[in-house]
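Written below as structure tokens is the structure these notes are about.
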């Protein structure tokens, strides 16, 4: 995987160099038009915002590889073998109770994240006390996930691995099974592990159907074998044929078609080879081929997708900058018509304001049904809990119910947050397309045949100065906890998108904290089963009401953020154009300056064209970057 990262870094550096060229040319154009915003190092233009976000996204690129399977299939052993270091427990009894994230760190350390939002730094050798089912049965400690940092080369630039709990562990309830399955939605590649012989049973087949139904970006199906079976050709071939047949069956049941490939691996020998630094045994174990194919996939698909998108965003920003220069050119060509252009611009800007208001109002009407759906997700655990509560017969069962319900609420909150983020992103994307058309109409009236104005949701919602504040806050947070993972291991959207109000806060954690003190106190404060049951039912209503108020407040905040951000962008856009008129009006009074400015505008058009070309070619030919004037 180190070779993949080296190649990715070369192309990413080429793109960052291309981005720096656009920023430099844009800065020089800014100097010509005096559009600096007081008190910030950036402008409030759409172009500056997009450039800032492209840089952040490129510099913070992360690839996630998850390892999934039922209990005792060798997930932890395989993970340790892949990275060449023991970071997950490997014992006879089921060990992994919560997700374990493995990322890069110069000095080995571990950070335990709890459901109440707190974190605890522990020694690596003490991690098992929080991750093991034996030490932490049914996750009584309320651990959300654990991250370990290790000095392993191929993790150094943001790649991380996830070791997930076994999906059929009797000690892990259905809530944590669902949490583990949610991890499938965020990984760039998923390693799904089976152990055979003996066979792929009904439980494992059902798990496979769930995996395939979630449509992973890439699934690596791995059949782990004991050494005696792995090295016997007849047994190995027979096992692979049978497992392949069952996997094809599961794929068909899930409505998926395509080639099925199974990697035969001996995870135990892979780990032994790593410990003994035995290259031949490492290759014989099958893990070598698996790791190379994961690496190739990340390079050819996930990594290339990141680079291609970034290159296109840089090119579009350069084209938008070119469009602004072309507006300047149009005004410079015939200064006598400035007043006519100005009147036309006044009309267009008034129309733009009206159209923006209509577009925002129409787009945000879609938030109402989204909020209803999210409220329903938050309330689901309460409906089930009240049904379950009626059947509890002992105080001990009530105590277990309280702990279980807390975990259910955590997962429901995470799911609600994710679905709101996804739904809100769709609303913003549709709004973005409408606003692009309206920006384009104004620009085209002033200078025909301009490149299409294209916005990104991040540049639309978050200004560069806001982004700087967010990044500073993130750096301060990382001084306390070095983990880059988010609550519960779920992505839920980018930093910028979350800051724009597009992601609900930690509803699950809030719910868990509420349950932690409200329900527990009710159980402890009543000796009578019936009294405790009634008190808990009342507290459930109280907690549900608190969570719904929190949901409503956050949704309203997201809507307000979009309205204010769009209005700010519209005003900045209008200010840009009006200042163009003022600059040209001033220039037109000095014939020599007029000639020089026309010449400058032509050079800027050529420079931004070169920048766009450089960005698009950087990912295919990272060694070639054209100079811009």
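Listed values, structure above:
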quantity	calculated
Rg and Dmax of the stretch 243-317, Cα atoms only, in Å	18.2, 52
Footprinting exposure proxy for 128, 301 (fewest neighbouring C-beta atoms within 10 Å first)	301, 128
Added length on full extension, which subtracts the Cα-Cα distance from 0.36 nm per residue, residue 373 to residue 253	40.3 nm
Rough spin-label spacing in nm, given labels placed 7 Å along Cα→Cβ, for residue 545 and residue 592	7.8
Spin-label pair residue 277/residue 609, simplified geometry with 7 Å Cα→Cβ offset, distance in nm	5.8
Label point distance in nm, residue 234-residue 434, each placed 7 Å from Cα along Cα→Cβ	7.0
Likely footprinting exposure, 130, 226, fewest C-beta neighbours within 10 Å first	226, 130
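Quick note: the coordinates plus some simple rules give every number you see, no bench work behind them. What you see is a predicted model; the values in this text were computed from it and never measured. Note that we place each Cβ from the backbone using ideal geometry, even for glycine, and neighbour counts take in every protein chain shown.
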